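**Q** Here it is, the structure, as structure tokens.
The values are calculated or read from the model by the stated rules, or taken from the named source; none is laboratory data. Worth saying up front: this structure is predicted, and the values here are computed from it rather than measured. Reconstructed Cβ throughout: ideal geometry from the backbone, glycine too, with neighbour counts over all protein chains shown.
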Amino acid sequence: MKTLKEINVYQKRVILRCDLNVPRDSEGGVLEDFRIKKLIPTIEYLLKNEAKIILLGHFGRPWEEATFPRSVALKKKYSLAPIGEYLSRILNYPVQFLGDCIGEEVERKVSQMRPKEIILLENVRFYREEKENDQEFAKKLADLGEVFVNDAFSASHRNHASIVSIPRYLPSCAGFLMQEEIENLSKIIKNPKKPLIAIIGGVKFETKIGAIIKFLEIADHLLIGGKIANTILAAKGIAIGRFLINPKLEEMASKIELTNPKVHLPLDGKVSLIPIDEEYIHVAAVGKVRREEECFDIGPETIELFSGIIRIAKTIIWNGPLGYFENEKFAQGTHSITEAIVRSKAFSVVGGGDTVAFLHKYGFLDKFNHVSTGGGAMLEFIAKEGNLPGIDVLG
């Protein structure tokens, strides 16, 4: 894989694939800019080398909307225009936004670019061809540039046209963000300092089972919380309240043996009714959660157990909050585990959109050795020992 400093970008049209999928308010305003700021070193390097910078990015999953591919409301909701304005402010440098990512007008504007100009193209996911990895679409995108730089690590586990097919047509390399991600995550899968502690939380068990299986192989301890833990416990027939599990997830969960000494599941949790009744919150032992209740956070015994294991760690990787932290009544578990990681002095890596949102909210972002821009990509990178579709095609 080539890196940015190994490729000539001087006064060339450079397509910089970036992930602009950041939290936004109802008017499109940026609420949290972690992913945007991580792009700045690559952009500044390209400016220094007088490149003509073409930013190609995505936001959300507009294809899931009933009005896809186009409607006025959908266009406004998923447009990258507000991102362009925000990026221009934090760069203190003009960023020209174009209302499409292909077409004659885009081609004309790009052909007129001068060195050190920045153009931001519209959301590439407004085209279904992006998700379908359509080669004709990829070629139209590639024709806009002379060099392709991938800094969208968080989308590089996807076989999308702008991720895996543009490099077929252009000299390509990894940007500084991509390089940073690979170097830090490789420390987890290649001779990590032991003990290695993996912490998995969040909601979607099916997207994390591959990483869980890998961690059972390489980690010394695996701490599991959130709905991921509820799924496993429910699959094993342990009373965890009003929690339904489908046969597919039950089959996946069967791969995790509760007798495995590496596996640590919650001993207790904070529970409430459905919908949440904030007057009805109490701590219950796992196995004694009533049918009308649901577990929304790990409890004090679990916090003590997990924190004790974290204290011995030399390397920690964490993905997914350990409770429904959006409600402060259920944020204590994730907060306590964060503090335990920070106190541990271990080499610490964390990733996942919800986890990063929590760290941002409580001011912990700068307390970790590496905060990944990827959630699913980070886990897949580890599960597949450093192989991702968007990385394998570079250079």
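**Q** Any chance the stretch 46-61 includes a residue that's part of a helix (DSSP H, G or I), of a type outside the set (A, V, I, L, M, F, W, C) and in contact (Cβ under 8 Å) with a residue 12 or more places away in the chain?
**A** Scanning the stretch 46-61 turns up no residue that is part of a helix (DSSP H, G or I), of a type outside the set (A, V, I, L, M, F, W, C) and in contact (Cβ under 8 Å) with a residue 12 or more places away in the chain.
**Q** Would you say residue 326 is without any contact (Cβ under 8 Å) to a residue 12 or more places away in the chain and either in contact with a strand residue (DSSP E or B) (Cβ under 8 Å, 6 or more places away or on another chain) or not in a loop (DSSP other than H, G, I, E, B) (or both)?
**A** Considered against the rule, which asks whether it is without any contact (Cβ under 8 Å) to a residue 12 or more places away in the chain and either in contact with a strand residue (DSSP E or B) (Cβ under 8 Å, 6 or more places away or on another chain) or not in a loop (DSSP other than H, G, I, E, B) (or both), residue 326 comes out as no.
**Q** Give just the number: which of (1) out of contact with any Cys (no Cβ under 9 Å at 6 or more places or on another chain); (2) farther than 25 Å from residue 163 by Cα does residue 323 not satisfy?
**A** (1)
**Q** Same structure, new question: When you look at residue 296, is it part of a strand (DSSP E or B), among the aromatic types (Phe, Trp, Tyr) and buried (at least 17 other Cβ atoms within 10 Å of the Cβ), yes or no?
**A** Yes.
**Q** Keeping to the stretch 347-357, report how many residues are surrounded by fewer than 23 Cβ atoms within 10 Å (Cβ to Cβ) and more than 19 Å from residue 39 (Cα to Cα).
**A** 3
**Q** Out of 299, 269, 320, 287, which single residue is within 24 Å of the chain's Cα centre (by Cα) and either under 17 Å from residue 371 (Cβ atoms) or touching a residue at least 24 places away in the same chain (Cβ under 8 Å) (or both)?
**A** None of the others qualify; the one that does is 320.
This table checks each residue for (1) within 25 Å of residue 49 (Cβ to Cβ); (2) crowded, with 24+ Cβ neighbours inside 10 Å.
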{"position": "97", "(1), (2)": "yes, no"}
{"position": "103", "(1), (2)": "no, no"}
{"position": "115", "(1), (2)": "yes, no"}
{"position": "119", "(1), (2)": "yes, no"}
{"position": "127", "(1), (2)": "no, no"}
{"position": "141", "(1), (2)": "yes, yes"}
{"position": "147", "(1), (2)": "yes, no"}
{"position": "150", "(1), (2)": "yes, yes"}
{"position": "159", "(1), (2)": "no, no"}
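**Q** With respect to residue 155, determine if the residue is in the same structural domain as residue 55 (by TED's automatic domain parsing), under 15 Å from residue 58 (Cα atoms) and either among the aliphatic types (A, V, I, L, M) or modelled with pLDDT under 95 (or both).
**A** Yes; evaluated as a whole, the condition is true for this residue.
**Q** It is to be established whether one or more residues within the stretch 223-242 are at pLDDT 95 or above, more than 19 Å from the chain's Cα centre (by Cα), not β-branched (Val, Ile, Thr) and not in a helix (DSSP H, G or I).
**A** Checked the stretch 223-242: at least one residue is at pLDDT 95 or above, more than 19 Å from the chain's Cα centre (by Cα), not β-branched (Val, Ile, Thr) and not in a helix (DSSP H, G or I).
**Q** Restricting the stretch 365-383 to residues that are of a type outside the set (Gly, Ala, Ser), farther than 14 Å from residue 38 by Cβ and in contact (Cβ under 8 Å) with a residue 60 or more places away in the chain, which is surrounded by the fewest Cβ atoms within 10 Å (Cβ to Cβ)?
**A** 369
**Q** Restricting to the stretch 124-152, name every residue that is more than 21 Å from residue 62 (Cα to Cα), in contact (Cβ under 8 Å) with a residue 40 or more places away in the chain, in a loop (DSSP other than H, G, I, E, B) and not small (Gly, Ala, Ser).
**A** Across the stretch 124-152, the qualifying residues are 144, 146, 151.
**Q** Looking at 165, 154, which is the one that is more than 18 Å from residue 313 (Cα to Cα), among the polar types (S, T, N, Q), buried (at least 17 other Cβ atoms within 10 Å of the Cβ) and in contact with a strand residue (DSSP E or B) (Cβ under 9 Å, 6 or more places away or on another chain)?
**A** 154
**Q** Could you please give the count of residues in the stretch 75-123 that are touching a Leu at 6+ places or on another chain (Cβ under 6 Å), assigned to a helix (DSSP H, G or I) and within 21 Å of residue 33 (Cα to Cα)?
**A** Result for the stretch 75-123: 2.
**Q** May I ask you to say which residue of 250, 217 is within 23 Å of residue 310 (Cβ to Cβ), without any contact (Cβ under 8 Å) to a residue 24 or more places away in the chain and either under 21 Å from the mean Cα position of the chain (by Cα) or in a helix (DSSP H, G or I) (or both)?
**A** Step by step, each of 250, 217 is checked, and only 217 is within 23 Å of residue 310 (Cβ to Cβ), without any contact (Cβ under 8 Å) to a residue 24 or more places away in the chain and either under 21 Å from the mean Cα position of the chain (by Cα) or in a helix (DSSP H, G or I) (or both).
**Q** Of these, 159, 191, which one is assigned to a loop (DSSP other than H, G, I, E, B) and at positive phi?
**A** Step by step, each of 159, 191 is checked, and only 191 is assigned to a loop (DSSP other than H, G, I, E, B) and at positive phi.
**Q** Next question, about the same structure. Can you confirm whether the stretch 242-256 contains a residue that is in contact with a Gly (Cβ under 9 Å, 6 or more places away or on another chain), surrounded by fewer than 18 Cβ atoms within 10 Å (Cβ to Cβ) and under 25 Å from residue 276 (Cβ atoms)?
**A** For the stretch 242-256, residues in contact with a Gly (Cβ under 9 Å, 6 or more places away or on another chain), surrounded by fewer than 18 Cβ atoms within 10 Å (Cβ to Cβ) and under 25 Å from residue 276 (Cβ atoms): absent.
**Q** Out of 167, 69, report the one residue that is closer than 24 Å to residue 45 by Cα and either outside any loop (DSSP other than H, G, I, E, B) or not β-branched (Val, Ile, Thr) (or both).
**A** 167
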